[in-house]
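Student: My questions all concern the structure below.
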Amino acid sequence: MSGNNYEKMWQELGLDVNLHNEVLNYINKCFQNTVGKQKNRPKTMEYFDSVLHESHGGRVAELIEEKSKGKKIVGFFCIYVPEEIIMALDLVPIALCGGTNFSVPYAEKMLPRDICPLVKSTLGLAFSKTCPYAPIKSLAVGETTCDAKKKVWDILAQKVNFHIMELPQKKNVIDANLWENEIHLFAENLEKLAEKKLNPSVLKEKIEIMNNKRKVLQRLAKLRLKEPTPISGLDTLVVMQAALNDEPVRFTKKVEELCDELEDRIKKGISPFSDKAKRIMVSGCPSVMGNWKIHSLIETSGGAVVVDETCTGVKYFKDLVDTKANDVDGLLGAIADRYLKLNCSCFTPNNDRLDMARNLAKEGNVKGVVQYILQYCHTYNIEAIRIEGALKQDNMPSLKIVTDYSEEDTAQLRTRIEAFLETLK
Amino acid sequence: MVTAGIDIGSRTIKFVCLNDNKIFDYQITDTTVEPLKKIEEVLKDKKFDQLVATGYGRYLMQENYNCPIVTEIKAYATGAYFFYPDCRTVIDIGGQDTKVIKIKSGEVADFEMNDRCAAGTGKFLEVMAQTLGYKIEDFGTEALKGSNSIPINSMCTVFAESEVISLIARGEDKKDIALSLHHSIINRVMTMVSRMNPEQKIVFAGGVAKNKCMVQLLKKKLGNILVPEEPQIIGALGAAIIAAKNFEIMTIKERR
Ligand code: SF4
Ligand code: SF4
């Protein structure tokens with residue numbers, strides 16, 4: 001995230017350049033202390049590191065370039081927002097979320113303190129003139145998952161052009177119908193923004209692009225499960241964070257290259273861990289860019305994260321969109337089906353997520369599960385009780401950790417994680 | 001073989017030397033603001049074949065002495081089990097942290113630990129003793145002379161301190177305030193303890209177990225609890241035993 005060559009661009013975007021430099025330095029420091037400290041990383045990771053480093057520089061320049069060609073930028077905050085529809089209208093989707101502690105105090109100026117750090121960080125970025133995406137996007141898309149987000153949208157909507165998708169909280173037929181309807185409303189609103197209509201063959205083509213991206217991430221997830229694992233959980237997380245920011249076709253190609261390298265490492269028996277490292281699954285809240293805390297803590301305490309049951313993990317790529325249909329309605333229906341399967345903790349009852357967690361832990365042959373909960377995220381925190389219970393049926397030990405983006409509790413967290421790893425057989 | 005354990009806590013450094021399953025030397029000293037210097041002093045004339053470090057300063061030992069480390073949780077479980085082979089639960093209240101550990105055949109089966117909040121830890125006791133003008137050594141015995149007549153509402157260390165200051169200003173008896181404070185800490189500790197469904201026998205270890213009032217109040221809640229003669233050294237002892245068993249003697253670096 002370097003380069004003074006971007007300073008002019010940031011100035012033109014109306015950013016607070018000094019404060020923005022501080023943000024970049026802060027993120028760089030976090031990166032150096034976690035991702036950068038790892039040994040024996042795959043060579044191909046250089047690309048994904050650069051995606052993160054360029055997320056405020058080169059990527060922004062790219063988007064400005066797209067904009068000059070008449071494309072509009074659509075920001076989203078949650079993996080329930082179908083990127084393929086955005087792309088099919090020649091719009092560019094980009095994830096807008098905050099994983100750093102830096103912007104939290106800015107949000108706390110207006111928000112109550114007891115809101116999850118993800119929401120605070122995101123809102124803080126938007127309001128502190130440090131998010132380069134804020135000025136370039138034409139539309140932001142929120143969804144009604146948790147209460148914190150739902151209410152923050154109302155605040156953001158005063159500032160930017162905003163669309164809210166209503167996500168149902170149950171998964172019965174009536175809920176599925178509501179969701180499909182929301183997908184249609186979303187598409188209509190985007191059509192207005194793009195000033196064109198959805199075309200079935202273009203939509204299908206974009207679905208394929210997204211499906212290919214999902215397939216390659218599935219391939220990566222499989223390779224990661226090999227024993228010994230050829231890649232750290234922290235590095236896989238970096239790939240997932242890049243997935244939400246990078247241009248999808250280029251990204252897919254780069255993940256293929258990474259997978260090829262990993263296959264080679266598997267043949268040669270190369271792993272970033274010693275064979276004593278305990279295989280771990282991380283479950284719970286997403287770790288968006290800037291947030292490397294828990295993976296880093298686990299993997300420097302004797303664990304190896306080989307599965308992530310999170311939105312920055314399996315959820316993002318586990319299901320494909322069916323491409324049988326040949327008309328827009330049929331394809332939108334298939335998209336609705338796919339996205340409803342994501343199993344966010346805002347659903348009730350959420351037995352699908354319990355089953356998913358059990359299956360993933362088994363498939364991953366993990367020794368234990370760390371439930372990573374962001375402070376004040378009530379849905380994940382409360383559901384942790386049921387996840388723990390579900391895992392117990394398979395005698396799978398789990399440790400629940402509730403934390404935020406700050407550093408002050410790392411000594412205690414390290415003790416708890418190490419002690420948990422010590423108890424795993 | 002002579003093995004040793006060192007437990008570097010936020011308040012004190014504990015050192016135990018073990019020979020043939022017998023403690024033949026131990027030492028407790030303040031951590032101070034220069035822990036490395038203190039560690040050096042402690043280790044200066046000591047002779048042992050193997051050393052294992054624990055406590056929140058264990059990484060200091062790992063970095064500076066290339067010493068294998070274990071968590072306080074495992075160390076306390078091992079140390080308590082050494083003294084009381086039939087114990088099933090260990091409550092360890094130290095300077096910064098409170099832990100409740102379940103033991104099954106000598107191994108950690110499950111544990112709870114407080115988050116960053118200092119309520120219910122030695123730190124809370126220390127701040128309150130100071131506010132009331134007691135030496136920490138006398139705090140418990142003095143509290144036992146009071147009556148539990150004043151409700152203390154704040155669990156948070158900072159708020160409780162101002163609450164205590166206004167109670168003093170109101171002319172309340174110091175001993176009564178002291179006892180009430182102990183009750184409030186016990187309530188906090190008990191939420192953590194009950195979440196773990198403690199099983200007999202229960203060992204109470206860590207620096208706070210030297211406080212007579214805390215011991216009495218915990219006994220009231222939990223029935224018989226066992227308090228080792230030197231509750232502070234259980235962690236260091238555990239580390240020394242682990243060094244002797246030689247199990248998984250390796251640094252975290254090697255574990256990775
Ligand atoms: S946890 Fe739920 S609300 Fe958050 S990104 Fe994932 S799906 Fe969206
Ligand atoms: S982490 Fe939880 S509280 Fe925060 S945005 Fe996601 S679902 Fe909402």
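The values are calculated or read from the model by the stated rules, or taken from the named source; none is laboratory data. Quick caveat: nothing in here was measured; it's all calculated off a predicted structure. Neighbour counts run over all protein chains shown; Cβ positions are idealised from the backbone, glycine included.
Student: Could you identify the single residue in A:Val60, A:Val104 that is on the phi < 0 side of the Ramachandran plot, away from every other protein chain (no Cβ under 14 Å) and within 16 Å of ligand 2 (Cβ to nearest atom)?
Tutor: After applying the criteria, what remains is A:Val104.
Student: While we're on this one: Quick one: what pairs do we get from the range A:117-143, first residue charged (D, E, K, R), second assigned to a helix (DSSP H, G or I) and within 16 Å of ligand 2 (Cβ to nearest atom), C-beta under 8 Å, 6+ apart or different chains?
Tutor: What qualifies is A:Lys120/A:Val104; A:Lys120/A:Ala107; A:Lys120/A:Glu108; A:Glu143/A:Lys149.
Student: Pull up the range B:94-114, narrow it to residues that are outside any loop (DSSP other than H, G, I, E, B) and within 13 Å of the chain's Cα centre (by Cα), then point me to the one that is nearest to the other protein chains (Cβ to nearest Cβ).
Tutor: In this case the residue turns out to be B:Met113.
Student: Quick one: in the range B:115-130, of everything that is part of a helix (DSSP H, G or I) and in contact with a strand residue (DSSP E or B) (Cβ under 9 Å, 6 or more places away or on another chain), which residue is nearest to A:Ile417 (Cα to Cα)?
Tutor: If we take residues in the range B:115-130 being part of a helix (DSSP H, G or I) and in contact with a strand residue (DSSP E or B) (Cβ under 9 Å, 6 or more places away or on another chain), then B:Gly122 is nearest to A:Ile417 (Cα to Cα).
Student: Then there's this: Show me the helices (runs of 4 or more DSSP H) found entirely inside the range A:309-391 where at least 3 residues are more than 13 Å from ligand 1 (Cβ to nearest atom) and either surrounded by fewer than 21 Cβ atoms within 10 Å (Cβ to Cβ) or more than 19 Å from the chain's Cα centre (by Cα) (or both).
Tutor: The qualifying helices (runs of 4 or more DSSP H) are A:328-340, A:351-363.
Student: Report, ordered by the first and then the second residue, all pairs with beta carbons closer than 6 Å, sequence separation of six or more or different chains, a first member in the range A:66-90 that is within 16 Å of ligand 2 (Cβ to nearest atom), and a second member that is at pLDDT 95 or above and in a helix (DSSP H, G or I).
Tutor: A:Ile79/A:Tyr316; A:Tyr80/A:Tyr339
Student: Determine which single condition A:Thr100 fails, assuming it passes every other condition in (1) over 18 Å from A:Leu156 (Cα atoms); (2) within 16 Å of ligand 1 (Cβ to nearest atom).
Tutor: For A:Thr100, the failing item is (2).
Student: A further question follows. Could you check the range A:107-118 and list, in sequence order, the residues that are of a type in the set (D, E, K, R) and within 16 Å of ligand 2 (Cβ to nearest atom)?
Tutor: Our first condition is that a residue be of a type in the set (D, E, K, R); within the range A:107-118, this holds for A:108-109, A:113-114.
If the condition is that a residue be of a type in the set (D, E, K, R) and within 16 Å of ligand 2 (Cβ to nearest atom), then A:Glu108, A:Arg113, A:Asp114 are the ones that fit.
Student: Same structure again: Could you count how many residues in the range B:182-220 are in contact with a Gly (Cβ under 8 Å, 6 or more places away or on another chain), over 17 Å from B:Gln232 (Cβ atoms) and of a type in the set (Lys, Arg)?
Tutor: Of the residues in the range B:182-220, 1 are in contact with a Gly (Cβ under 8 Å, 6 or more places away or on another chain), over 17 Å from B:Gln232 (Cβ atoms) and of a type in the set (Lys, Arg).
Student: In the range A:373-397, how many are within 14 Å of chain B (Cβ to nearest Cβ) and either farther than 23 Å from A:Thr348 by Cβ or in contact (Cβ under 8 Å) with a residue 40 or more places away in the chain (or both)?
Tutor: The qualifying residues number 8.
Student: Go through the range B:52-61 and count every residue that is within 18 Å of B:Gln232 (Cα to Cα) and either more than 13 Å from chain A (Cβ to nearest Cβ) or buried (at least 24 other Cβ atoms within 10 Å of the Cβ) (or both).
Tutor: 5
Student: Shifting gears a bit: Go through the range B:103-142 and report how many residues are closer than 17 Å to B:Ile202 by Cβ and of a type in the set (Lys, Arg).
Tutor: Residues in the range B:103-142 being closer than 17 Å to B:Ile202 by Cβ and of a type in the set (Lys, Arg): 1 in total.
Residue-by-condition table, conditions (1) crowded, with 16+ Cβ neighbours inside 10 Å; (2) under 21 Å from the mean Cα position of the chain (by Cα); (3) in a loop (DSSP other than H, G, I, E, B):
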position	(1), (2), (3)
A:Tyr6	yes, no, no
A:Gln11	no, no, no
A:Leu19	no, no, no
A:Glu22	no, no, no
A:Gly36	no, yes, no
A:His56	yes, yes, yes
A:Val60	yes, yes, no
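Student: Residue check: is A:Glu257 under 30 Å from A:Cys78 (Cβ atoms) and either more than 13 Å from chain B (Cβ to nearest Cβ) or in a loop (DSSP other than H, G, I, E, B) (or both)?
Tutor: It is true that A:Glu257 is under 30 Å from A:Cys78 (Cβ atoms) and either more than 13 Å from chain B (Cβ to nearest Cβ) or in a loop (DSSP other than H, G, I, E, B) (or both).
Student: Take A:Asp264 and decide whether it is under 15 Å from the mean Cα position of the chain (by Cα) and part of a helix (DSSP H, G or I).
Tutor: no
Student: Can you find a residue in the range A:280-289 that is assigned to a strand (DSSP E or B) and more than 16 Å from ligand 1 (Cβ to nearest atom)?
Tutor: Yes: the range A:280-289 contains one or more residues that are assigned to a strand (DSSP E or B) and more than 16 Å from ligand 1 (Cβ to nearest atom).
Student: More than 13 Å from every other protein chain (Cβ to nearest Cβ) and closer than 17 Å to A:Arg224 by Cβ: which single residue out of A:Lys278, A:Lys268 fits that description? Quick ask: steps written out before the conclusion?
Tutor: Values: A:Lys278 fails: more than 13 Å from every other protein chain (Cβ to nearest Cβ).
Answer to the selection: A:Lys268.
Student: The conditions are (1) over 20 Å from the mean Cα position of the chain (by Cα); (2) part of a helix (DSSP H, G or I); (3) farther than 28 Å from A:Asn189 by Cβ, and A:Ile64 fails exactly one of them. Which is it?
Tutor: (3)
Student: Of the residues A:Val92, A:Val81, only one is within 16 Å of ligand 1 (Cβ to nearest atom), of a type outside the set (Ser, Thr, Tyr), in contact with a strand residue (DSSP E or B) (Cβ under 9 Å, 6 or more places away or on another chain) and away from chain B (no Cβ under 14 Å); which?
Tutor: Working: A:Val92 fails: within 16 Å of ligand 1 (Cβ to nearest atom).
Exactly one residue qualifies, and that residue is A:Val81.
Student: Of a type in the set (Val, Ile, Thr) and more than 22 Å from B:Phe204 (Cβ to Cβ): does that describe B:Thr32? First the steps, then the outcome.
Tutor: Numbers: of a type in the set (Val, Ile, Thr): yes; more than 22 Å from B:Phe204 (Cβ to Cβ): yes.
When the stated conditions are applied, B:Thr32 passes them.
Student: Checking the conditions here, which among A:Ala157, A:Ala148 is under 19 Å from A:Val81 (Cβ atoms) and loosely packed, with under 15 Cβ neighbours inside 10 Å?
Tutor: Just a single option satisfies the conditions, and that option is A:Ala157.
Student: A further question on this structure: For the range B:62-90, which positions are within 12 Å of chain A (Cβ to nearest Cβ) and assigned to a strand (DSSP E or B)?
Tutor: Correct list: B:Ile69 only.
Student: Is one or more of the residues making up the range B:32-39 out of contact with any Pro (no Cβ under 6 Å at 6 or more places or on another chain), farther than 19 Å from B:Gln232 by Cα and hydrophobic (A, V, I, L, M, F, W, C)?
Tutor: First, the residues of the range B:32-39 that are out of contact with any Pro (no Cβ under 6 Å at 6 or more places or on another chain): B:32-39.
In the following step, the residues that additionally are farther than 19 Å from B:Gln232 by Cα were identified as B:33-34, B:36-37.
Going one step further and asking which of them are hydrophobic (A, V, I, L, M, F, W, C), we end up with B:33, B:36.
Yes, there is a match, as at least one residue in the range B:32-39 is out of contact with any Pro (no Cβ under 6 Å at 6 or more places or on another chain), farther than 19 Å from B:Gln232 by Cα and hydrophobic (A, V, I, L, M, F, W, C).
Student: Looking at (1) within 14 Å of another protein chain (Cβ to nearest Cβ); (2) within 13 Å of ligand 2 (Cβ to nearest atom), which is the one condition that is false for A:Gly368?
Tutor: Of the numbered conditions (1) within 14 Å of another protein chain (Cβ to nearest Cβ); (2) within 13 Å of ligand 2 (Cβ to nearest atom), the odd one out for A:Gly368 is (2).
Student: Only residues in the range A:402-419 that are more than 9 Å from chain B (Cβ to nearest Cβ) and of a type in the set (D, E, K, R) count as the first member; pair them with residues that are surrounded by fewer than 23 Cβ atoms within 10 Å (Cβ to Cβ) and not in a strand (DSSP E or B), Cβ under 7 angstrom, at least 6 apart or cross-chain, and list the lot.
Tutor: Note: pairs meeting the criteria are A:Asp404/A:Gln375.
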